[in-house]
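Peer 1: Handing you a structure now.
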Amino acid sequence: MLAEFPLDPGTLYLNHGTVGVTPCAVMRARAAILDEIERQPSRYLLRELRSPGAPAVPEPSRLRAAAERVGRFLGVAGDGLVFVDNASSGVNAVLRSLALGPGDEILLPDLAYGGVARAAAHLARERGALIASVAMPFPMRDPAEAVRAIEAAITPRTRLALLDHITSQTALVLPLVEMAAACRARGVPVLVDGAHAPGAIELDIAALGVDWYAANLHKWAFAPRSCGVLWAAPERRQGLHPAVLSWGVTGGDWLQEFDWTGTRDPSPWLAAPAALDFMHDRLGVAAMREHNHRLAWDGAAALARRWERDWITPESMVGCMVTVPLPRRLGPADEATAQRLRDVLLAEHAIEAPVIARADALWVRLSLQVYNDESDLERLAHAVERLR
Ligand SMILES: Cc1ncc(COP(=O)(O)O)c(C=O)c1O
């Protein structure tokens, strides 16, 4: 499958999760969209892209048609879904639309993505609100530990729980349905950071029992970069504004507001259906997931054994990414050592994979995609065993 991707074959790429990799077929589909835009840019962008357009413009608009298709993939109706640049934009839109006041609390697990955590902290500070950081167990032996940690952190001042679906550095698939139910039972609305979920795991957003879901299609769903989505439950759409305000802000129609946030390149959004076609027709969604998950799960267990480390993560908490403890002899579990190992892996072994320090250990996060196979894990193991 490597030939289907524009990746440099000289580098072993075990980092699909960070910024995604766009398949060649999807890049071609996007290029065709850009060609079409440039033939008559104002007609395309001002009349056809979004609705309502000028009179006699066919409905649905191009953007709404793409949202319908993506919505079907994610288990929601297209009119509940808007495109945003990325998961960060989706999370920002929700956070900035909330009426938070002094003393209010945003519940945030300490496994949250750093950029999201900083944005939440900044917005909370501006409003006199607080971040209630939840110490999550890691590594985790049982998903119920995550539910208990969230439950125990809810207070009468909790106004929002911002929960990851799949954590970033630690690559854990969290028990979102159960965590969300615990929040709902206490009247706490749930915003999900699902940056890694579409494509990686089966996703039926409407069945999760959450209030907002922000995600990326440019990681595991093969869309070109800058293809994020935000879904909001029907009762959460009124008063929800994009991170960038424009013409639609006074109109009271959230779709119009999100569908135009100023002149920009819509091709990553419009190429999302081609990315879904690649996944369905070229790979087969089930076969893709099985391949990626098997590599991740079997690979992690084998590497941990080889490196004489405990491996306690349950299979249900592993998708296509996995974070494996490195051999103890590699040095102190601190950020400087993690950074050095990351750099040496790339510079001396041509392997791209993040290394982190957490819970008194060094870990390597492996993203497994259809262009990876067992020989990649063998090459990684060999390189790690030569690290000094
Ligand atoms: C859990 C999580 N949230 C948010 C993001 C940010 O994604 P983006 O840069 O596409 O907004 C990432 C990126 O890796 C992530 O892992």
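The values are calculated or read from the model by the stated rules, or taken from the named source; none is laboratory data. Since the model is a prediction, treat every value here as computed from it, not as a measurement. Ideal geometry is used to build each Cβ from the backbone, glycine not excepted, and the neighbour counts take in all protein chains shown. The accessibility values were calculated without ligands, DNA or RNA, using every heavy atom of the protein model including side chains. Shrake-Rupley method; radii C 1.70, N 1.55, O 1.52, S 1.80 Å.
Peer 1: Between A135 and D277, what FRET efficiency follows from the Cβ-Cβ distance if R0 is 45 Å, with the result rounded to 0.05? Don't jump to the answer; show the numbers that get you there.
Peer 2: Working: r = 43 Å, r/R0 = 0.95.
Computed FRET efficiency for A135 and D277 comes out at 0.60.
Peer 1: Here's something else I'd like to know. Find out how many positive minus negative residues lie around A206, taking Lys and Arg as positive, Asp and Glu as negative, among other residues whose Cβ is under 15 Å from that of A206.
Peer 2: Charge balance in the 15 Å sphere: -2.
Peer 1: Shifting gears a bit: Report, by chain and number, residues whose modeled amide H sits under 5 Å from the one on V134, excluding near sequence neighbours (fewer than 5 apart, same chain).
Peer 2: Amide H to amide H, under 5 Å and 5 or more residues apart or across chains, V134 pairs with L108, D110.
Peer 1: Separation of region 3-30 and region 148-224 by C-alpha centroid, Å?
Peer 2: Rounded to whole Å, the Cα centres lie 27 Å apart.
Peer 1: Order these peptides, 175-181, 81-87, 259-265, by their mean beta-carbon neighbour count within 10 angstrom, highest first. Write out the running numbers ahead of the final one.
Peer 2: Working: 175-181: 19.9, 81-87: 24.3, 259-265: 15.7.
Averaged packing, sorted descending, gives the order 81-87, 175-181, 259-265.
Peer 1: Over region 54-195, what relative contact order in percent results from Cα pairs under 8 Å that are six or more residues apart?
Peer 2: Worked out over region 54-195, it gives 21 percent.
Peer 1: Heavy atoms only, probe 1.4 Å: what % of the accessible area of the chain goes to carbon and sulfur, would you let me know?
Peer 2: On the way: 8400 of 16240 Å².
Result for the chain: 52 percent of the exposed heavy-atom area is carbon or sulfur.
Peer 1: Still on this structure, please answer the following. Accessible area per residue for region 1-90 in Å², computed with a 1.4 Å probe and the full protein assembly in place, what is it?
Peer 2: Heavy-atom SASA per residue in region 1-90 reads 48 Å².
Peer 1: Measure out, as a whole number of angstrom, how far apart the alpha-carbon centroids of region 49-127 and region 253-329 sit.
Peer 2: Computed from Cα coordinates, the inter-centre distance equals 20 Å.
Peer 1: With the chain treated as a Gaussian network of Cα nodes joined by springs under 10 Å, which of P109, P268, P58 yields the largest mean-square fluctuation?
Peer 2: Looking only at P109, P268, P58, the biggest GNM fluctuation is shown by P58.
Peer 1: Still on this structure, I have one more. Output wanted: per-residue J couplings in Hz (rounded whole) for region 253-270, from phi through Karplus 6.51 cos²θ - 1.76 cosθ + 1.60, θ = phi - 60°, x for Gly and Pro.
Peer 2: Per residue, the Karplus-derived 3J(HN,Hα) values read 10, 5, 5, 4, 5, 6, 6, 9, 10, x, 5, 7, 8, x, 4, x, 5, 6 Hz.
Peer 1: Okay, next question. About the Cα centre of the chain, what is the dipole size in debye to 20, counting +1 per Lys and Arg Cβ and -1 per Asp and Glu Cβ, all else neutral?
Peer 2: About 520 debye.
Peer 1: Considering only A301, H241, P224, whose Cα is most displaced toward the positive end of the charge dipole of region 214-325, charges sitting on Cβ of Lys, Arg (+1) and Asp, Glu (-1)?
Peer 2: Value computed over the given set: A301.
Peer 1: Mind ranking 305-318, 359-372 by how tightly packed they are, going by the mean number of other C-beta atoms within 10 angstrom, highest first?
Peer 2: 359-372, 305-318
Peer 1: Using a Debye calculation, one point per C-alpha and no hydration shell, please list log10 I(q)/I(0) for the chain at q = 0.11, 0.14, 0.15 Å⁻¹ in order.
Peer 2: For the requested q values the scattering log ratios are -0.81, -1.24, -1.37.
Peer 1: Here's a follow-up. Quick check: residue separation of R306 and E126 times 0.36 nm, minus the Cα distance between them. What number comes out in nm?
Peer 2: Result for the pair: 59.9 nm of gain on full extension.
Peer 1: Would you grab the residues whose amide H sits under 5 Å from the one on D164? Only those 5+ places off in sequence or on another chain, please, with H modelled 1.01 Å from N.
Peer 2: Those qualifying (amide H under 5 Å, at least 5 residues apart or on another chain) are D193.
Peer 1: Could you tell me the ratio Rg/Rh of region 11-126? Both radii from Cα atoms, Rh via Kirkwood. Before the final figure, lay out each step's value.
Peer 2: Values: Rg = 19.0 Å, Rh = 17.8 Å.
Value, to two decimals: 1.06.
Peer 1: In addition: Quick check for me: using +1 on Lys/Arg Cβ and -1 on Asp/Glu Cβ, what's the dipole size of region 20-128 about its Cα centre, in debye to the nearest 20?
Peer 2: With only Lys, Arg, Asp and Glu charged at Cβ, the dipole is about 280 debye.
Peer 1: May I ask you to rank E378, E348, E105, E385 by accessible area, largest first, using a 1.4 Å probe over the protein chains only?
Peer 2: These residues rank, largest area first, as E348, E378, E385, E105.
Peer 1: Further, regarding this structure: Could you state the orientation-averaged shadow area of the convex hull built on the Cα atoms of region 239-286, in nm² to one decimal?
Peer 2: 4.7
Peer 1: Using the Karplus equation 6.51 cos²θ - 1.76 cosθ + 1.60 (θ = phi - 60°), what ³J(HN,Hα) coupling, rounded to whole Hz, does each residue of region 291-308 give in order, writing x for Gly and Pro?
Peer 2: 4, 5, 5, 4, 4, 5, 6, 5, x, 4, 4, 5, 5, 4, 4, 4, 9, 6
Peer 1: Ok, one more. Translational diffusion coefficient of region 205-288 at 37 °C, 0.692 mPa s, Stokes-Einstein with Kirkwood Rh over Cα pairs, in µm²/s as a whole number.
Peer 2: Details: Rh = 14.5 Å.
Result for D is 226 µm²/s.
Peer 1: Mean-square fluctuation check for the chain, GNM, Cα pairs under 10 Å: which of H241, H218, H122 is largest?
Peer 2: Looking only at H241, H218, H122, the largest GNM fluctuation is found for H122.
Peer 1: So who's got an amide H within less than 5 Å of the one on L172, skipping anything under 5 residues away but keeping other chains? H placed 1.01 Å off N, in plane.
Peer 2: The answer is T167.
Peer 1: Got a sec to turn the phi values of region 60-66 into Karplus ³J(HN,Hα) couplings, 6.51 cos²θ - 1.76 cosθ + 1.60 with θ = phi - 60°, whole Hz, x for Gly and Pro?
Peer 2: x, 5, 4, 5, 5, 5, 5
Peer 1: Measuring from the lowest to the highest alpha carbon on each principal axis, how far does region 278-364 reach, largest first, in angstroms?
Peer 2: Projected onto its principal axes, the Cα set of region 278-364 covers 45, 30, 19 Å.
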